[in-house]
Amino acid sequence: MTTTRSPSSALTSFVVASRYMPVYLALIVLLVVASIWAPATLSRAGLSAVALFGTYLAITALGQMLVIMAGGIDLSVPGTFTLGAIVMVGFGQQTDERIWIAILAAVGLAALVGLVNGIIIGGLKLNALIVTLAVGQVVTGIVNRYHKTFAIQSSVPSGLADWMTVRFLGISRPFWIGVVLTALFIFAFRYTTVGRRFQVVGANPVASLVSGLRVNLNQIAAYVVAAMLYAVAGVLFAALLRNPGVTIGAPYLLGPIAAVVIGGASLTGGLASPLSTWAAAFFLAGLNQMMRVMGLPTALQFVVFGLVIIGGMLVSGDRIIKGVEQVLRERRRPTRIEKPAKKSSIDGPG
Amino acid sequence: MNTGNPDEGSSDEDLVLTLSGVSRQFGAVRALSNVSFDCRPGEVHALVGENGSGKSTLLGVASGFVDPDLGKVQIGGKTLRRDSPALARKLGLAMAYQDTSLIQAEPVKNNLFLAAPPGKRPPYWRRKKWARRLLGEFDLDMELFPDSPAGFLTLAERQLFEVAKALVSDPKVILLDEPTTALGPDEVESLHRTIARCRDQGIGVVYVSHRLPEVLEIADRITVLRDGETQGTFNAKTTTEHELVDLIVGRPFEAAFPQPSVSAQEKSEVLVVEGLQGQSFGPVSFTLESGEVVGIAGAEGNGQPQLFDTLSGRTPPRAGRVTVDGKDLTLISTHEAIGAGVMLLPGDRKNEALMTVLGVRVNATVQSIRQFSRLLFLRRRAERREVGNLVEELEIRTPSLEQPVEFLSGGNQQKVAVSRTFLKKPSVILAYEPTQGVDVGSRFDIYKALRARTNDGAVLLVKSSDPLELAGLCDRVLVLSRGQIIEEIPGDELNEVRIVEAIVRGPGLSRSGQSSLGVAMPKAPTRVETP
């Protein structure tokens, strides 16, 4: 007979959590390496750059995480990210009164992009990789055209740019927005029915359909919410740059996917941790900063970044679980074989 | 009874296949423990046992697909050192698979060409003629075969082709895994002629089947497996079907099913199906009254999965009416079906029932999560308590409620799926092969759990390929053939033999037996000729 508090309970928790461990180890390694070879990374200026760029990456990565949890992948991130930034400038018209209108427009239009993605992928069942790539192209095209309609030196409302510069507890405000969003997702997955259903559908869409859950709606919602997050990151990025160009989204194609993978998500869907994804984004931002401090040539930075992602995949998520499972099997073998067969039920019920 | 080997005369060098002391464990499931098995040249050695008794694992070990934890495999006197199917093939072992190994998009001739070892392949451009000649030897009508894509073959044709494909490599020993599941009597006869020819050529044949009459007809020796252990090897000439059944089941089976409680509740019609028609079944009509357990029997491929898919809302019906608790259903979505109280327990647990990477608790409350929430927020403590109680009640063996169900044994996985019916309390439960891959011990728990639901007033429709299970669990049984209900066996006539007879006799057939149809694929080519 089993009880819910058997000693293996701790083992189970370990197995379940083990997939999210590598990112925290990587963060520690990064801290150690940086403090020895590139201490400037950990200076005040270095850390505040990491806090800022880590946050942009983290917010987009949270979106990508939702899509990957739903069994898809989103390559329209650069387009939607840029859309958010450019719409912020265009709708803001450099007047502080229009800040909120511009933010709503940016996020709303991005949601529309997500809806298109979601309907084509979740509803019409087309391949996510190609659909999002194509939709991203369309969005990029439209944003480029739209960008040409206003003066080249246009910038975001100065109120927004100023808001950026104020620090809270010594760290710039966007960082805290990232923290709040991450906490929100942690809470949603743990404590709400919507979050629970979302995890269930991602873990096995076929079984979810058989169980009567609305699989399509969950998938569509993933793309919509993800796109809104990209736009939020875009708006915050525009606030930093004041006068964003139309190519600012480009680095956000691979980065978020890398963060999600290094964060231990299962690429087959369902399993991911907002906290580890957030941490992974800061790991990648920290790595970037460290390479810059060390003065690595840009070309070499790309190479290292790519290698780290592959390395991350080698020790991440699904592979860890497989390894743990293997170890458990070896461990169990002798004990289980000696165990007598289950009680006989010949006496009948009662 | 005749136990032990009938004779120990032949020496080890003669054996074409030897497995000695083989054990293998999958997760927590012990699939094989210390099993020894051998096959002589020119012999048909049958391997029988229930689903999940370890037959497929044994074949996997012999053919090099599964790496045994302990034990040794020898093919033609040479030891198979690694778990390598290619090496096993090289040593002279061929296998005809149950779930076919064909490349669906490629023509038959190419499939056959690929199956032949390089030394035995014809020049590439002459493979069609070669294929036609080879297939002709197997009583397969090959006029159309060589060029049609393998995916277009009927199930019966595929099964026969699998055997032909295995024999192309000129093996010393051939393994046949349930080679007759989709075959009608004529095709079985044709297959048995092929097997007899193999025997005459000195090929050893390992024949895995759960159809005992067939086994007794074709086999020289029979080995019985139960729960991963051999129950002995017997001479087919001196063994009876009854003795084998006792060994396979290993328990007086009547005692292993829960008795329905005679409750005083008044009967009401819960599920009414009228003229329901769908893809490859129908029209069918039947009614289930509250508390009833009704079985669906029939040979595989007679519309059973389609019927269950339609009733559960996975594929919309073409015609007909389904009423649950007096409410008409359109059955256009599973969402609607679940809402109306129709819950399917799919046969393919890993893919269609469970979220294997998630924990026991989350899996149990998939459909009933709203009961454990207030507004949008989960009441986690209530959820944990309810699922914890169910884990105890259904005796689900798990180290914790958060254990991912992929780490549980088949029986415990099925119990997790069954636990959903306790939380959601549907009025109609559709159980498709509820004990497939489930160990004998857990089976009873599952029967008991399902009975507990029906004693509460739910109805249960069970599809099972195991007549023993149907006879023990059900109040009555409907026999399905070619998508039609051809017979209803009432409770007082219900026993294994009666069900098997109904299945093998087929529809509308007098006892004179002018033909034997309806058991399997109607499209299969039947060429009756005496050898």
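The values are calculated or read from the model by the stated rules, or taken from the named source; none is laboratory data. Because the structure is a prediction, the values reported are computed rather than measured. FYI the Cβ positions are ideal-geometry reconstructions off the backbone, even for glycines, and counts take in every protein chain you see.
Listing for the model above:
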| read-out | value |
| --- | --- |
| Of all residues making up segment B:74-110, the number that are part of a helix (DSSP H, G or I), among the small types (Gly, Ala, Ser) and either in contact (Cβ under 8 Å) with a residue 60 or more places away in the chain or crowded, with 19+ Cβ neighbours inside 10 Å (or both) | 1 |
| Only one of A:104, A:129, A:124, A:115 that is hydrophobic (A, V, I, L, M, F, W, C) and in contact with a Leu (Cβ under 7 Å, 6 or more places away or on another chain) | A:129 |
| Hits in segment B:279-300 - residues which are in a strand (DSSP E or B) and under 17 Å from residue B:463 (Cα atoms) | B:281, B:282, B:284, B:285, B:286, B:287, B:288, B:293, B:294, B:295, B:296, B:297 |
| Identity of the residue in segment A:151-166, of a type outside the set (A, V, I, L, M) and surrounded by 13 or more Cβ atoms within 10 Å (Cβ to Cβ), that ends up nearest to residue A:241 (Cα to Cα) | A:155 |
| Close pairs from segment A:198-210: first at the interface with chain B (Cβ under 7 Å from one of its Cβ atoms), partner of a type in the set (D, E, K, R), Cβ under 7 Å, at least 6 apart | A:206/B:352; A:207/B:352; A:210/B:314; A:210/B:352 |
| Residue in segment A:44-51 that is part of a helix (DSSP H, G or I), of a type outside the set (Lys, Arg), closer than 28 Å to residue A:189 by Cβ and touching a strand residue (DSSP E or B) at 6+ places or on another chain (Cβ under 6 Å) present | yes |
| Qualifying residue in segment B:434-444 (condition: surrounded by fewer than 24 Cβ atoms within 10 Å (Cβ to Cβ), within 18 Å of residue B:307 (Cβ to Cβ) and at pLDDT 90 or above) | no |
| Test: residue in segment B:291-314 that is free of Cβ contacts under 8 Å to residues at least 60 places away in the same chain, surrounded by fewer than 24 Cβ atoms within 10 Å (Cβ to Cβ) and among the β-branched types (Val, Ile, Thr) | no |
| Every residue from segment B:316-349 that is at pLDDT 90 or above, hydroxyl-bearing (Ser, Thr, Tyr), in contact with a helix residue (DSSP H, G or I) (Cβ under 8 Å, 6 or more places away or on another chain) and surrounded by fewer than 21 Cβ atoms within 10 Å (Cβ to Cβ) | none |
| Test set (1) within 30 Å of residue B:32 (Cα to Cα); (2) assigned to a helix (DSSP H, G or I); (3) at pLDDT 80 or above - residue B:462 fails condition number | (2) |
| Segment B:156-212, subset under 26 Å from residue B:226 (Cα atoms) and touching a Gly at 6+ places or on another chain (Cβ under 6 Å), residue surrounded by the most Cβ atoms within 10 Å (Cβ to Cβ) | B:173 |
| Pair list, Cβ under 8 Å, 6 or more apart: segment A:1-24 residue over 24 Å from residue A:262 (Cβ atoms), other residue at pLDDT 75 or above and part of a helix (DSSP H, G or I) | A:1/B:392; A:2/B:391; A:2/B:392; A:4/B:384; A:4/B:388; A:4/B:391 |
| Selected residue (only one of B:361, B:381, B:349, B:420 is without any contact (Cβ under 8 Å) to a residue 24 or more places away in the chain and either among the basic types (Lys, Arg) or facing chain A (nearest Cβ under 7 Å) (or both)) | B:381 |
| Breaking point among (1) within 11 Å of chain A (Cβ to nearest Cβ); (2) within 21 Å of residue B:313 (Cβ to Cβ); (3) small (Gly, Ala, Ser), for residue B:431 | (1) |
| Some residue of segment A:175-183 being within 14 Å of chain B (Cβ to nearest Cβ), part of a helix (DSSP H, G or I) and crowded, with 16+ Cβ neighbours inside 10 Å | no |
| Leading residue by the ranking (modelled with the highest pLDDT) among those in segment B:6-41 that are in a loop (DSSP other than H, G, I, E, B) and surrounded by fewer than 15 Cβ atoms within 10 Å (Cβ to Cβ) | B:11 |
| Enumeration of residues in segment B:309-324 that are within 12 Å of chain A (Cβ to nearest Cβ), among the small types (Gly, Ala, Ser) and more than 22 Å from the chain's Cα centre (by Cα) | B:313 |
| Sole exception among (1) buried (at least 24 other Cβ atoms within 10 Å of the Cβ); (2) polar (S, T, N, Q); (3) within 28 Å of residue A:126 (Cα to Cα) for residue A:266, by number | (1) |
| Residue in segment B:475-498 that is assigned to a helix (DSSP H, G or I), touching a residue at least 12 places away in the same chain (Cβ under 8 Å), surrounded by 21 or more Cβ atoms within 10 Å (Cβ to Cβ) and not acidic (Asp, Glu) present | no |
| Those residues of segment B:325-346 which are touching a Lys or Arg at 6+ places or on another chain (Cβ under 7 Å) and either at the interface with chain A (Cβ under 7 Å from one of its Cβ atoms) or part of a strand (DSSP E or B) (or both), in sequence order | B:328, B:334, B:335, B:343 |
| Restricting segment B:434-459 to residues that are in a helix (DSSP H, G or I) and of a type in the set (Val, Ile, Thr), the residue that is farthest from residue B:349 (Cα to Cα) | B:454 |
| Which listed residue is over 20 Å from the mean Cα position of the chain (by Cα), surrounded by fewer than 16 Cβ atoms within 10 Å (Cβ to Cβ) and under 25 Å from residue A:183 (Cα atoms), from A:47, A:104 | A:104 |
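Residue-wise test of (1) surrounded by fewer than 19 Cβ atoms within 10 Å (Cβ to Cβ); (2) under 17 Å from the mean Cα position of the chain (by Cα); (3) farther than 30 Å from residue A:156 by Cβ.
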{"position": "A:35", "(1), (2), (3)": "yes, no, yes"}
{"position": "A:52", "(1), (2), (3)": "no, yes, no"}
{"position": "A:57", "(1), (2), (3)": "no, yes, no"}
{"position": "A:61", "(1), (2), (3)": "no, yes, no"}
{"position": "A:65", "(1), (2), (3)": "no, yes, no"}
{"position": "A:79", "(1), (2), (3)": "no, yes, no"}
{"position": "A:87", "(1), (2), (3)": "no, no, no"}
